[in-house]
Amino acid sequence: MSNSDYDPACLPDLLPLYYRRLFPFPQYYRWLSYGGVSKNYFQNREFSFTLKDDIYVRYQSFSTQNELEKEMQKMVPYKIDIGAVYSHRPSQHNTVKSGTFQALEKELVFDIDMTDYDDVRRCCSAADICSKCWTLMTIAIRILDRALREDFGFHHLLWVYSGRRGVHCWVCDEAARKLSVAARSAVAEYLSLVKGGEETTRKVVLSDPIHPFINHSLSVVEHYFPQYAIVEQDILGSKESLDKVLALLPEDILSSPKFHLTAHIKKDLTTYCQKVKNPMERWGELCSLVEHKKSSTKKGGQYIDKEIMLQYCYPRLDVNVSKGVNHLLKSPFSVHPKTGRISVPIDLKELNTFDPFEVPTISLICEELEKPRADEVEDEDMKDKENEQDAGERRRIRDYKRTSLAKYVKVFDRFLETMARSRKGEMLKKSDLQKDF
């Protein structure tokens, strides 16, 4: 069965099997427990479930991995969202004195959705994506991952494909989880360059000198821009798309002394772009016009070529998702009901080759699960020697390893191992400091 053979009508039959035999509960619990950082950390975490027929259930919470498993297998959520760690158990929020139920901590999260790029992509629109515009997600991950690590000093970033048209980032460092709303807002604003809604034409305006963060971002954008925007999106290839680019040029650039009127420049460039078939030559002509004007232009237009590149390629963040401590975000390993694709961790070492269309669907992995394997007779003989709980856990590990989900769980495992080593290192440091004291 190919990934494209997913039928949403089959989801009610497939989800029970997925939660019973494939969902990586041990790793999931290990992630959200953070090494037992505090007594009630996991049980005070909010989960929300979207059930069949869009029934939405908030403030779910669980004491143990076993309780989480049983409840998910019973409720069979079509979608799982993760919220904050609260002062009290979310499932008991109605019994707590008014005003005392507070969101205390949550990972710093980022949500990048392809629909926010609709004004600058020609290949697709709305929920549709293709290999051409997926480059925008690659650029977003490259820029934000570097900034969060190098500019803010975070280490534990989990990048996750949403299952349809975007990516999420979970910054899991303890310092990130403890950030206030004001601090989260400051980080999100620092990372936001594309400003303004539909009514704003020029959404990126640079000032002199360019901030080092923007220069770092530009080096990423400049690497992808020629092939992605000029060749594949062909942003100068039609009158409509060329007019969009020309609308970004300041008036003092358009009123060049080489021409009498602004309209002449636009007409000349349009004629040139229609005559010249090579997209890179069209971009070269536009850049030469900008370069010619840089010496005489006002400050507002000296970075216009860079502003165009950033407007077409820079990450577009949903800032509200990042600001709120109590904001819910779709969970890794949740299934997207419309595409059937699993929301999987992304291996940054293979980012340039990550293909959202190769991410397995629930149909595919359930079918792979049913295919018999030669080593299964030996596995069956082992069952008698295992106690029931260990057997269930080992069976699930064997099960997902038989499917296309295995490589993504491996990425998740590596992420958890790195976090565990870091925690161990921090504890040793604290222990040494106490001894010295």
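Residue check: Ser4 meets all listed conditions (1) more than 22 Å from Met75 (Cα to Cα); (2) at pLDDT 95 or above; (3) among the hydroxyl-bearing types (Ser, Thr, Tyr) but one, namely (2). In the list Ala147, Ala140, which residue meets the criterion of being in contact (Cβ under 8 Å) with a residue 60 or more places away in the chain, small (Gly, Ala, Ser) and in contact with a Pro (Cβ under 8 Å, 6 or more places away or on another chain)? Result of the check over Ala147, Ala140: Ala140.
Note on the stretch 7-26: residues that are open to solvent by less than 20 Å² (accessible area, probe 1.4 Å) and either more than 17 Å from Lys74 (Cβ to Cβ) or of a type in the set (Gly, Ala, Ser) (or both) amount to 1. Return the residue satisfying two criteria in turn: it lies in the stretch 139-195 and is of a type in the set (Asp, Glu) and open to solvent by 40 Å² or more (accessible area, probe 1.4 Å), and of such residues it is nearest to Asp118 (Cα to Cα). The residue in question is Glu189. Taking residues in the stretch 406-430 that are under 30 Å from Ile362 (Cβ atoms), and partners anywhere that are among the charged types (D, E, K, R) and part of a helix (DSSP H, G or I), the pairs with Cβ atoms closer than 7 Å and at least 6 places apart or on different chains are Leu416/Arg30. For the stretch 110-124, give me each residue that is under 26 Å from Asp81 (Cβ atoms) and open to solvent by 50 Å² or more (accessible area, probe 1.4 Å). Within the stretch 110-124, Asp116, Asp118 qualify.
Within the stretch 39-58, residues that are closer than 21 Å to Glu105 by Cβ and without any contact (Cβ under 8 Å) to a residue 24 or more places away in the chain sit with their Cβ atoms under 8 Å from residues that are open to solvent by 50 Å² or more (accessible area, probe 1.4 Å) and of a type outside the set (Val, Ile, Thr), at 6+ positions apart or across chains, in these pairs: Phe42/Tyr29. Can you name every residue in the stretch 72-83 that is among the charged types (D, E, K, R) and buried (at least 18 other Cβ atoms within 10 Å of the Cβ)? If the condition is that a residue be among the charged types (D, E, K, R) and buried (at least 18 other Cβ atoms within 10 Å of the Cβ), then Lys79, Asp81 are the ones that fit. Within the stretch 84-106, track down each residue that is loosely packed, with under 15 Cβ neighbours inside 10 Å, β-branched (Val, Ile, Thr) and in contact with a Ser or Thr (Cβ under 9 Å, 6 or more places away or on another chain). Across the stretch 84-106, the qualifying residue is only Thr100.
Would a scan of the stretch 251-262 turn up a residue that is modelled with pLDDT under 85, of a type in the set (Lys, Arg) and open to solvent by 30 Å² or more (accessible area, probe 1.4 Å)? Among the residues of the stretch 251-262, at least one is modelled with pLDDT under 85, of a type in the set (Lys, Arg) and open to solvent by 30 Å² or more (accessible area, probe 1.4 Å), which makes the answer yes. Exactly one residue out of Asp355, Asp305 is more than 30 Å from Leu17 (Cβ to Cβ) and at pLDDT 85 or above: that is Asp305. Applying the criterion of being among the hydrophobic types (A, V, I, L, M, F, W, C) and under 24 Å from Phe225 (Cβ atoms) to the residues of the stretch 263-282, the residue that is modelled with the highest pLDDT is Met280.
The values are calculated or read from the model by the stated rules, or taken from the named source; none is laboratory data. The structure presented is a predicted model; accordingly, all values stated were derived computationally and were not measured. Counting neighbours? That spans all protein chains shown, and the Cβs are built from the backbone with ideal geometry, glycine included. These accessible areas exclude ligands, DNA and RNA; they are computed on the full protein's heavy atoms, side chains included. Shrake-Rupley method; radii C 1.70, N 1.55, O 1.52, S 1.80 Å.
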